[in-house]
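The values are calculated or read from the model by the stated rules, or taken from the named source; none is laboratory data. All values derive from a computational prediction rather than experimental measurement. Neighbour counts are summed over all protein chains in view; Cβ atoms, including those assigned to glycine, are modelled from backbone coordinates with ideal geometry. Ligands, DNA and RNA are stripped out before the accessible areas are found, and what is left, the full protein with its side chains, is counted by its heavy atoms. Shrake-Rupley method; radii C 1.70, N 1.55, O 1.52, S 1.80 Å.
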Amino acid sequence: MRSDSPQKHDGFKWSTLVPWSNPIRKAAAAETKPPGNAAGGPKLKLKFPKVRGLKTPQVRRNSTCATDKQTEPQDIPDFIGAFGQKHTFCYYDVFLQRLHLKPFSAPPPPPPLTFEQHLSALHLSEAGRLLLAREERLFVGSFDDKPPPLEVPAGDVNALAADRQALEEAVLQTLRVSLDQVDADALKSAVMFMQQEDECDKAWERYGGMAPPWRLRGWRQLHDETLRSLVEERMDAPPTPSTGQSSIQADVHGMGRRLRRDLLLVAERVKPCYPSHLAICQLYATWYHQCISARLRRLADFGLDDRDCTFLLRWVNDYYPQLLQEPQLAADIDAKVLQDLLPENLLSPLQEQYLSHQQRELTTYVGRVLDQAHETWTKGEEPPEEDGCFVSPTAYDIIQMVNGIVNAAAKVVGDPRKAQNLTRQLPDLLHRFRTFQAEVIKRNKANSAAFVKANLGCVAQFRHFLSTQSRLFPEEVRQGCLSILSDMKQSAHDYLLTPVHRNLKSRYRKLFSQEWLKKSTLELLLSGLEDEIPQLRGSTESCHRELLGQLHQEVSVEYARRLLKGELKLKDKRQQQQAADNVEDDARALRDFFARHSSEEAWLQEALSMMAEVLKLQDLPAIQFQVASLGSSFPDFSEKHVMSLLKLKCSLTKEDKMNVQAVLAEIPKDCGRSRPFFSFVLVK
């Protein structure tokens, strides 16, 4: 049937489509027709695939084409009109494929790259595999039981040797520039090539073959030598000196900068190109370490001045270890396995030179500080005041110098014990300080008291420094310094408190008289102390508290001494009870008075109270027990003190006193449990 008029579908005219269903049927029939039965074979029914979701346009039957007026075949699929000519040929090809009439063919793969192309693109491992394949073809007898070729063409061998030389040079060049322009792909490929070559070397050895002489072997060693030469070349680059640097300092600084930059580059960009078992970061660190060590040994042989000596030691012992411990490097570099940058025979002289120079600097500086304080005192000036207290910069300046110089030396020489040797001159320097204070006390100028009070603050600062920073000193040095400071503190206290006791002498005489026995005269003593204490002010708060504590102890000692002097005779129980009450009240009054003036020596009350208890007791066993307790609490309570105390009790016989005294000898002495008191109470 023909259509009455031409139709258009999506711009495509049916009249332009050549008839194609008949040839397909003929080809299919020819493909499926049984052999030997040309006439009676089964007919092939063709079914076109249905396209889902596509609305097939309706084509009128028996329509006439506009061009040739021919009738179109009636078995043309309806869906062709919806896709046009392009889609028709597409489905046509798929249809032929399903009928196995014209197999579908994919585009052919690109031809493999040649050796020259791989080499040009720096595909070094791929190029190496090609050469290994050629090498195996030429020398196959070396790798298996087959006999080798009777004759290897010389041209093939020469071509292989030339290609291998070009490849090996490309690999070495890649290694030489690996720190200047890191091409990660090329470097990875070079590393893979070397691993391939190592495996091939093992194959030659395993099968007993003789490798060609033009074939490089031992690529691991060649790799290490190449990179070691690269490191040496980079370290030999001339440094750029900074202002104020000597040539040696510029050289060492340049090595340090190059070392840090290169190791960080290796850790960041080179390390990913190597397998982890090669530990490339550790290898680079070892090569740089060896190169720097050789350079530093040459520098140390020159005979450095003090400035360059200090710089070189600090770089070796402080800066360089810190560099290797940076977070980006510490995980991949084990600094412990690296040898010392400088051997002991070169390092020790440099350390001695540095320590001697620092010792001279410390001695000169401390001497200058002490001379300045002496000059100020000689001129009659007083030390400066802060918050009503005399202060001296002497201790602060010396402490800062000692602390700074010893801590710096510990880093520079790399050994804190050697740095401690700088403080061995400190006792001599403090002895000069003590001599200066002794002169101030001896001459007793108008400004001497102010300087002594200021020096008490210095002594406290020194003692705190020696106690908290003991690591800076050898123990014998520290103990020697503390001994000198204790002498200075005691001499300062004696100087300041002697006038007080001299002014209170008349009031001390009022104690333990018959008048005292009736009514304690301690109030006279306390009123005199109240007048004297303002003269003691002027030192720092802690020093003033210690000074008042010392005065508290000395007043208590004088009180006990006058009690044991024996001028008071207690004839009966009533007088003994009265004396005991007075002593107990006086001990409490002394404690309260000095507590108001910042004394912390409350323990002194116990000594006087226990003596009062001995005076009060009448029963001999009770007296013996109390004396034993007193001797246990105060191990320096001697037999002389016992006899002097018992002499006040006229009711005791000589035999009773001897029995009480014997108890004291049986008490174990433990002088470490209490502070000395009775050792200061001198009795005849």
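Report the full-extension gain for the segment Ser467 to Phe625: residue separation times 0.36 nm, less the Cα-Cα distance, to one decimal in nm.
52.8 nm
What FRET efficiency would be calculated for the residue pair Glu205, Glu116, taking the C-beta separation as r and a Förster radius of 30 Å, to the nearest 0.05? Walk me through the numbers on the way to the answer.
Values: r = 31 Å, r/R0 = 1.02.
The calculated FRET efficiency here is 0.45.
Provide the gained length on full extension for the span Asp494 to Arg424, in nm with one decimal, where the gain is 0.36 nm per separating residue minus the Cα-Cα distance. Show your work: numbers first, answer last.
Numbers: separation 70, 0.36 × 70 = 25.20 nm, distance 2.92 nm.
Between Asp494 and Arg424, full extension yields an extra 22.3 nm.
To the nearest 0.05, how large is the calculated FRET efficiency for Arg360 and Arg137 if R₀ is 56 Å and r is the Cβ-Cβ distance?
E(calc), rounded to 0.05, equals 0.10.
For Glu375, what accessible area in Å² do you get when you roll a 1.4 Å probe over the heavy atoms of the protein chains, rounding to the nearest 10?
100
Roughly what would the spin-label model give for Glu225 and His277, points 7 Å off Cα along C-beta, in nm?
Inter-label distance under the simple model: 2.4 nm.
Across 10 Å bins from 0, what is the distribution of all Cα-Cα pair distances for segment 321-384, in whole percents?
So the P(r) values, bin by bin, are 16, 20, 20, 17, 13, 11, 2.
For Ser679 and Ser483, compute 0.36 nm times the residue count separating them, minus their Cα-Cα distance, and round to one decimal in nm. Let's see the in-between values first.
Details: separation 196, 0.36 × 196 = 70.56 nm, distance 1.98 nm.
Roughly 68.6 nm would be gained on extension.
Which GluC sites (Glu not before Pro) in segment 584-644 sit in a loop by DSSP (not H, G, I, E or B) and have at most 12 other Cβ atoms within 10 Å of their own Cβ?
Counting only loop positions with at most 12 other Cβ atoms within 10 Å, the GluC sites (Glu not before Pro) in segment 584-644 are Glu600.
Of Leu426, Val391, His357, which is farthest on the positive side of the dipole of segment 354-427, counting Cα position, with +1 on Lys and Arg Cβ, -1 on Asp and Glu Cβ, and the Cα centre as origin?
Looking along the dipole axis, the top candidate is His357.
Protein chains only, probe 1.4 Å: how do Lys489, Lys569 rank by accessible area, largest first? Let's see the in-between values first.
Details: Lys489 60, Lys569 90 Å².
The most accessible residue leads, giving Lys569, Lys489.
With only Lys, Arg, Asp and Glu charged, each at its Cβ (+1 for the first two, -1 for the last two), find how big the charge dipole of segment 172-304 is about the Cα centre; round to the nearest 20 debye.
260
Starting from the Cα of Arg368, step 7 Å along the direction of its Cβ; do the same at Lys442; then give the gap between the two resulting points in nm.
For the pair Arg368/Lys442, the computed spacing is 2.8 nm.
Only Lys, Arg, Asp and Glu count, each charged at its Cβ (+1, +1, -1, -1), so figure out the dipole size of segment 483-594 about its Cα centre, rounded to 20 debye.
In debye, rounded to 20, segment 483-594 gives about 560.
Using a 1.4 Å probe and counting only protein heavy atoms, arrange Ser539, Ser483 so the residue with the most accessible area comes first.
In descending accessible area the options line up as Ser483, Ser539.
Order Ile441, Ile533 by their accessible area, 1.4 angstrom probe, all chains in place, largest first.
The ranking, largest first, comes out as Ile441, Ile533.
Can you find, among Leu522, Ile441, Gln550, the residue sitting farthest towards the positive end of the charge dipole of segment 440-583, where Lys and Arg contribute +1 and Asp and Glu -1 at Cβ?
Going by the Cα projections, it comes out as Leu522.
Kindly state, to the nearest 0.05, the FRET efficiency for Arg261 paired with Arg217, given R0 = 35 Å and r defined as their beta-carbon distance.
0.55
Solvent-accessible area of Thr376, probe 1.4 Å, all protein chains present, reported in Å² to the nearest ten, please.
For Thr376, solvent-accessible area is about 40 Å².
Where the accessible area of segment 348-451 is counted over protein heavy atoms with a 1.4 Å probe, how much of it, in %, is carbon and sulfur?
Whole-percent figure for carbon plus sulfur exposure: 49.
Using only protein heavy atoms and a 1.4 Å probe, report how much of Glu385 is accessible, in Å² to the nearest 10.
Rounded to the nearest 10, that gives 110 Å².
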